[in-house]
């Protein structure tokens, strides 16, 4: 099976007066595992449904191997979809569900039997032909949905939050299987999810979307390590976001001031000046005993220690008024800090990033428009909860 | 949800592309279905509107329009059988209202109690009782009429035909509707409120009157409205169990008129009964909405109305 | 939580009522149908003890129910009327229910109210409305002849007199039955179409089915329960209907089973025969009902909510 190359050009979708997709451009090379990641309402599912053909673009192009498909009805596109709730036909058994597309294509009986058998083998469900979807577990239904789409040998497979309905443990197993499956069949996977961990684990590249626009595209590591906007930094993983004033660049580093304290940031948009936002990941913050000196250190007080099993999350109130969290790995030694202890927070220049919120001005309803000074919640939000294995 | 408003963009499609999109539109509404649906709606409602119109016709004719009058409703002229003053039509109206009112008063409490019993009684006879309750819903009206007629003429001969027999018949075929509606509500409420009340120290009697009854009230009101409407519209049972002229109901009056010569006042009395039915249903819906306002997980008012129909 | 005797006790009045006034009457029908007839007065002499049952009247009626006899024609005619009315209800009702469930977005609430409205207008009034329309000089008659529909129907042999729709025309009876019962057909069908998850249709399209094939292979099977439910809901009362043919026709040539029963009770003094026909009709409808329940049971096993 050869993968198909998908390209969307200036894609816009409006529902009445509401813009769901606001002029996005994406390139998805053949054979890539590409994820669209974002909160609900960011336009990722609408984009996927336009690629599948269920929605007609308001304007723009959808190219499959260079051919514009924007006007091709869904049943004539060589792309297939795995639906969020699987959409297995409840009145048909597993065999008939998987054979549905082959029958519409008028394939001979023998070929249908052979190909359905191969598809079932691919998803390890051989022997389940006669079951009805209602008699299967969520994980099995998910595999049937995969087999039903893959049996048609599409150039591109679209997946709309296919693991959303499953429990956490099964999700983990299936994430790995899905990635292996994609490498095995070698076709392009376009995967939509709001779960950052899922996207980071499986994807070759991720597009982070917000309010109908693409915020940033890149490989998982790139997005995590080098977010360019507040939204991406905030949405992927846990971030300490701080408001600062940039005082100018020297030696490739940007001097920023937070209240009466000065820090140097070596990453991101270091040449900027004026009001800006800087970010540092909790695992890069180092806590030191009170009184140590050196650059990029701000004194503070431990406000709370949260035990996470594989580490400790320590909330520190900094002297200039903002709060940050630090992640200290569990090494077996007793933790040196308790609630109320004065500490020194060391934020190395190479771990600090200056963000650029380029592109459009923040929109009313945009998460980016929230107050920049946002205390880090002691208990992180759902989307950014570090994975806790108890 | 971060859906942003943006100015409408100029379409970037070419003319031919747009034409193709319109012709091969797999995304738009099928125009054929729109036509069928609205034709059906017009067909289903316009004849009734015409009947209403002719109840205001200033002539005996039911086919040509001679101007507006209220005389078929209010005239006291003995030559005109007006709805409110002819002894026959007025009597039919009163008989219909009397039967419907008494039906509500008797069938609603019996039905509510039966619903409670059938929903919670798990023992010998409960399954059979459930079955027994469902049967009147699928019994063709003529079978109901024949069986009650033979019951009162051959077995329970002390029951006089006329109002008493009609009322017994109406109640028999109303109870099941009350049960179905109230039991549906009972299931959607679930046992947790009463368990909470018990946990807070409420005795069984208090739980029934202070917790369950108020929660069931919307369904009780709804079922009362439906029983009223069903009873008022009933024709077959009323006809089979009548004793002649003084137990004629409005549907019987309409039936007799259509087999002789219908007059504008026939349209008139049908209109009056229709207005009364619609008012009772609308009142039922409004009261239902009032009592269930703010409850989450419930459908729209429309779903409730649609549910009322079934 | 509550005393064990409470719930049987609350059920008691209703159960007793239904036993006395629903079940006992059905037994009264059996007693009369399997009883004797007073040879002078022709009044029924019911037999309440099944041991005394006399099946001669019942077999007499059964004997009439063979080709060439009186009841056979009526029975066949009733089946024809009901079958054609059901077909009409499906042809008109399915597109309407489908449109309201799938495509009516902003007008959905309005359309639902309009679909439910006929429920609350007396059946008799709705028939009366057609008498108004189809009487000589009525709007409906004028519309039908002005548009040429009348002459088309006449030349097709559907009606025997293009100016008289109310004098024994089968066409008018079927029209009346469709008009009277179609609202009861559309609503359950709408409910089942509305429950179909949109993604099932999209999945069918995604897997290469054209819009028609997606409809045929997915929508129709998934709406089977609603289709059957609506069909049963209108078929049972249509088989027992006698007032619709009486109102819009009144001629013996359009008489249905219900009219026969009505006649034996209200026209001639032969309630015994009427009761026997009632039992046959009930038995026939019971078979329909059992078939329906078996199908629904199967469907609900296949398609868990």
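So here's what we get for this one:
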{"read-out": "Within region A:120-202, helices (runs of 4 or more DSSP H) holding 3 or more residues that are within 14 Å of chain C (Cβ to nearest Cβ), touching a strand residue (DSSP E or B) at 6+ places or on another chain (Cβ under 7 Å) and in contact (Cβ under 8 Å) with a residue 12 or more places away in the chain", "value": "A:138-150"}
{"read-out": "Sole residue being at the interface with chain C (Cβ under 8 Å from one of its Cβ atoms) and either at pLDDT 90 or above or touching a strand residue (DSSP E or B) at 6+ places or on another chain (Cβ under 7 Å) (or both), chosen from B:227, B:221, B:179, B:164", "value": "B:179"}
{"read-out": "Failed item, numbered, when residue C:272 is tested on (1) crowded, with 21+ Cβ neighbours inside 10 Å; (2) free of Cβ contacts under 8 Å to residues at least 24 places away in the same chain; (3) in contact with a strand residue (DSSP E or B) (Cβ under 9 Å, 6 or more places away or on another chain)", "value": "(2)"}
{"read-out": "Options B:38, B:22: the member that is under 30 Å from residue A:58 (Cα atoms), surrounded by fewer than 16 Cβ atoms within 10 Å (Cβ to Cβ), modelled with pLDDT of 90 or more and out of contact with any helix residue (DSSP H, G or I) (no Cβ under 8 Å at 6 or more places or on another chain)", "value": "B:38"}
{"read-out": "Only listed residue being touching a helix residue (DSSP H, G or I) at 6+ places or on another chain (Cβ under 9 Å), buried (at least 16 other Cβ atoms within 10 Å of the Cβ), under 29 Å from residue C:243 (Cα atoms) and in contact (Cβ under 8 Å) with a residue 24 or more places away in the chain, chosen from B:153, B:59, B:96", "value": "B:96"}
{"read-out": "Verdict on residue C:191 being closer than 30 Å to residue A:93 by Cβ, free of Cβ contacts under 8 Å to residues at least 40 places away in the same chain and more than 14 Å from chain A (Cβ to nearest Cβ)", "value": "yes"}
{"read-out": "Test result for residue B:104, more than 8 Å from every other protein chain (Cβ to nearest Cβ), closer than 30 Å to residue B:175 by Cα, buried (at least 17 other Cβ atoms within 10 Å of the Cβ) and out of contact with any strand residue (DSSP E or B) (no Cβ under 7 Å at 6 or more places or on another chain)", "value": "yes"}
{"read-out": "Test: residue in region A:37-45 that is modelled with pLDDT of 90 or more, in contact with a helix residue (DSSP H, G or I) (Cβ under 6 Å, 6 or more places away or on another chain), in a loop (DSSP other than H, G, I, E, B) and closer than 19 Å to residue A:164 by Cβ", "value": "yes"}
{"read-out": "Region B:30-41 residues that are at the interface with chain C (Cβ under 8 Å from one of its Cβ atoms), paired with ones that are loosely packed, with under 15 Cβ neighbours inside 10 Å and in a helix (DSSP H, G or I) (beta carbon under 8 Å, 6 or more apart)", "value": "none"}
{"read-out": "Subset of region B:42-52 that is more than 7 Å from chain C (Cβ to nearest Cβ) and free of Cβ contacts under 8 Å to residues at least 40 places away in the same chain - its residue that is farthest from residue C:88 (Cα to Cα)", "value": "B:49"}
{"read-out": "Number of positions in region C:111-135 that are outside any helix (DSSP H, G or I) and either more than 7 Å from chain B (Cβ to nearest Cβ) or in contact with a strand residue (DSSP E or B) (Cβ under 8 Å, 6 or more places away or on another chain) (or both)", "value": "0"}
{"read-out": "Unique match (being part of a helix (DSSP H, G or I), at pLDDT below 85 and more than 12 Å from every other protein chain (Cβ to nearest Cβ)) among B:185, B:210", "value": "B:210"}
{"read-out": "Options A:268, A:300: the member that is closer than 26 Å to residue A:195 by Cα and touching a residue at least 24 places away in the same chain (Cβ under 8 Å)", "value": "A:268"}
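Here's the yes/no breakdown for (1) in a loop (DSSP other than H, G, I, E, B); (2) over 17 Å from the mean Cα position of the chain (by Cα); (3) at the interface with another protein chain (Cβ under 9 Å from one of its Cβ atoms); (4) at positive phi:
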residue: A:10; (1), (2), (3), (4): no, yes, yes, yes
residue: A:30; (1), (2), (3), (4): yes, yes, no, no
residue: A:50; (1), (2), (3), (4): no, yes, no, no
residue: A:60; (1), (2), (3), (4): no, yes, yes, yes
residue: A:63; (1), (2), (3), (4): no, yes, no, no
residue: A:70; (1), (2), (3), (4): yes, yes, yes, no
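The values are calculated or read from the model by the stated rules, or taken from the named source; none is laboratory data. Small disclaimer: the values here were computed from a predicted structure and weren't measured. Every residue, glycine among them, receives a Cβ derived from its backbone with ideal geometry; neighbour counts consider all protein chains shown.
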